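Asker: One structure is given below, represented as structure tokens, and several questions about it will come after.
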Amino acid sequence: MIVILTQCFPSRTGGIESLVSNLALGLSKKQKVLVFADRHHVFFDAMYDNTIKKNFIVRRIGGIKYFRRRKKIKELRPFIMSGKIACVIGESWKSLELCIDLLNNKKIPTICLAHGNELIKKNTRKILKITNVLNKCNLIITNSVYTSNLVKDFGIYKSPIEKIYPGVENFDKIKEKKINFIKGNPIILTLARLEKRKGHIYVLNALKQLKDEFKNLQYIIAGDGPELNNLKKEVLKNKLGDNVIFLGKISDQEKKYIFSRTDLMVMPTIDESEKGSIEGFGISYIEAALYGIPSIASNIGGTPEAVLHNKTGIIINKIEKLEDAIMDLLKNKEKILYLGNQAKKRAMEEFQWENKINEYLSLIYNLNKN
């Protein structure tokens with residue numbers, strides 16, 4: 001049995017949620033999987049759990065954070081004592097903090113996933129906690145070379161570090177759901193949680209000039225988050241209402257429809273590490289790539305590993321170059337087609353979940369063999 005401990009899991013949406021849920025689903029095809037997850041929303045959690053109940057088991061734990069974390073370990077304890085666990089995977093150091101010593105005492109192999117944000121150094125106390133947990137894990141798996149370097153900055157000397165890029169879901173079996181008011185030409189998209197570091201505001205700034213060149217340009221903002229009101233105010237202030245659509249949280253069916261009509265994915269992330277926020281990789285770029293959509297990204301965090309400059313998209317070194325980069329690609333049909341084809345080829349060859357699961361299983365097998 002493989003146990004996954006996670007605070008980030010559907011019905012919540014996000015890159016980590018997608019990674020952990022697909023990891024559980026993929027591993028369950030080869031091993032029995034049990035997920036201990038935080039409860040986010042009673043109704044929507046139950047809906048998600050019902051869709052995967054034939055594949056793996058999810059046990060939800062709710063309540064105040066302090067008690068929730070301890071209750072999760074209390075419910076895990078009987079499984080630890082059963083001697084039937086082949087490996088415990090923590091979605092971050094936080095999920096392993098309260099049980100790492102018990103797992104080591106019982107000689108149960110542990111894997112800690114690392115994504116980026118959770119490794120931002122804020123104070124000495126947090127640094128010591130992170131270092132203590134990571135050094136007690138049997139293996140650390142990061143989502144990029146950039147995140148691997150963040151881990152190494154903690155002076156980790158006991159735990160080996162492996163990089164496995166996140167995988168992407170294939171949308172072939174999903175029936176797309178039409179969104180009637182998407183009628184622009186060209187269409188640019190930012191698919192992400194609405195946070196400052198995702199750079200939506202800079203796309204809106206660029207749009208002020210771009211809409212004069214491309215009269216029917218449509219900018220789709222898909223996702224929800226704390227920046228929604230600020231972005232809506234910016235749209236109103238600059239009279240961009242005819243060119244911007246806020247879709248909020250979208251389903252996979254709607255995502256497929258959007259991707260099938262999008263010309264360019266634009267997500268110029270910024271460095272918010274001072275506020276504890278950084279892009280460790282950026283799976284949305286790869287999701288877009290599956291549809292032959294190139295991306296424009298900034299040279300921040302792990303994004304240059306998700307978007308390869310002049311191969312699968314464009315990496316800008318300065319945010320001031322964003323407008324020119326968008327203009328260049330939208331005017332150059334041959335270039336946008338070439339980058340899109342290369343992006344799709346890379347996504348298909350390197351980011352399929354089936355291959356990623358085999359990488360995980362190989363590492364788990366070696367941990368148990370040792």
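Asker: Say whether the condition of being in the same structural domain as ILE161 (by TED's automatic domain parsing), part of a strand (DSSP E or B) and over 21 Å from the mean Cα position of the chain (by Cα) is met by at least one residue in segment 98-117.
Answerer: yes
Asker: Another one. All but one of (1) out of contact with any strand residue (DSSP E or B) (no Cβ under 9 Å at 6 or more places or on another chain); (2) within 21 Å of ILE316 (Cβ to Cβ); (3) modelled with pLDDT of 95 or more hold for ASN229, so report the exception by its number.
Answerer: Tallying (1) out of contact with any strand residue (DSSP E or B) (no Cβ under 9 Å at 6 or more places or on another chain); (2) within 21 Å of ILE316 (Cβ to Cβ); (3) modelled with pLDDT of 95 or more, ASN229 fails exactly one: (2).
Asker: Sticking with this one: I want to confirm something. Restricting to segment 120-172 and keeping residues that are part of a strand (DSSP E or B) and at pLDDT 95 or above, which single residue is surrounded by the fewest Cβ atoms within 10 Å (Cβ to Cβ)? If you could, list the steps in order and put the result at the bottom.
Answerer: First pass over segment 120-172, keeping only residues part of a strand (DSSP E or B): 139-142, 161-163, 168.
Restricting the remaining residues to those that are at pLDDT 95 or above gives 139-142, 161-163.
Values: LEU139: 19, ILE140: 25, ILE141: 22, THR142: 26, ILE161: 18, GLU162: 14, LYS163: 18.
That would be GLU162.
Asker: Using the structure shown, decide if GLU305 is of a type in the set (Asp, Glu) and in contact (Cβ under 8 Å) with a residue 12 or more places away in the chain.
Answerer: Taking the combined requirement at face value, the residue satisfies it.
Asker: Still on this structure, I have one more. Report the residue count in segment 200-221 for those that are part of a strand (DSSP E or B) and either hydroxyl-bearing (Ser, Thr, Tyr) or modelled with pLDDT under 95 (or both).
Answerer: Total meeting the criteria: 1.
Asker: Can you tell me which residue in segment 243-263 is nearest to LYS211 (Cα to Cα), limited to those that are in contact with a Phe, Trp or Tyr (Cβ under 7 Å, 6 or more places away or on another chain) and in a strand (DSSP E or B)?
Answerer: Across segment 243-263, the extreme among qualifying residues is VAL244.
Asker: OK, next. Do the conditions hold for ASN205, that is, is it in contact (Cβ under 8 Å) with a residue 60 or more places away in the chain and within 16 Å of the chain's Cα centre (by Cα)?
Answerer: No.
Asker: Looking at the structure I just gave you, is GLU279 out of contact with any Phe, Trp or Tyr (no Cβ under 8 Å at 6 or more places or on another chain) and farther than 30 Å from GLU349 by Cα? If you could, list the steps in order and put the result at the bottom.
Answerer: Working: out of contact with any Phe, Trp or Tyr (no Cβ under 8 Å at 6 or more places or on another chain): yes; farther than 30 Å from GLU349 by Cα: no.
Considered against the rule, which asks whether it is out of contact with any Phe, Trp or Tyr (no Cβ under 8 Å at 6 or more places or on another chain) and farther than 30 Å from GLU349 by Cα, GLU279 comes out as no.
Asker: Taking the residues in segment 146-176 that are closer than 21 Å to VAL20 by Cβ and aliphatic (A, V, I, L, M) as candidates, determine which candidate is nearest to the chain's Cα centre (by Cα).
Answerer: Filtering segment 146-176 for residues that are closer than 21 Å to VAL20 by Cβ and aliphatic (A, V, I, L, M), the one nearest to the chain's Cα centre (by Cα) comes out as VAL168.
Asker: Let me ask something additional. Please count how many residues of segment 35-62 are under 20 Å from LEU96 (Cα atoms), out of contact with any helix residue (DSSP H, G or I) (no Cβ under 7 Å at 6 or more places or on another chain) and not small (Gly, Ala, Ser).
Answerer: Number of matching residues: 2.
Asker: Right, another one. Tell me yes or no: at least one residue of segment 264-286 is in contact (Cβ under 8 Å) with a residue 12 or more places away in the chain, of a type in the set (D, E, K, R) and crowded, with 23+ Cβ neighbours inside 10 Å.
Answerer: Checking segment 264-286: at least one residue is in contact (Cβ under 8 Å) with a residue 12 or more places away in the chain, of a type in the set (D, E, K, R) and crowded, with 23+ Cβ neighbours inside 10 Å.
Asker: What tally of residues in segment 64-96 results from selecting those that are of a type outside the set (A, V, I, L, M), outside any helix (DSSP H, G or I) and crowded, with 19+ Cβ neighbours inside 10 Å?
Answerer: Result for segment 64-96: 4.
The values are calculated or read from the model by the stated rules, or taken from the named source; none is laboratory data. Keep in mind that this is a model prediction, so the values were computed, not measured. Quick reminder, even Gly has a Cβ in these numbers, built from the backbone with ideal geometry, and neighbours come from all protein chains shown.
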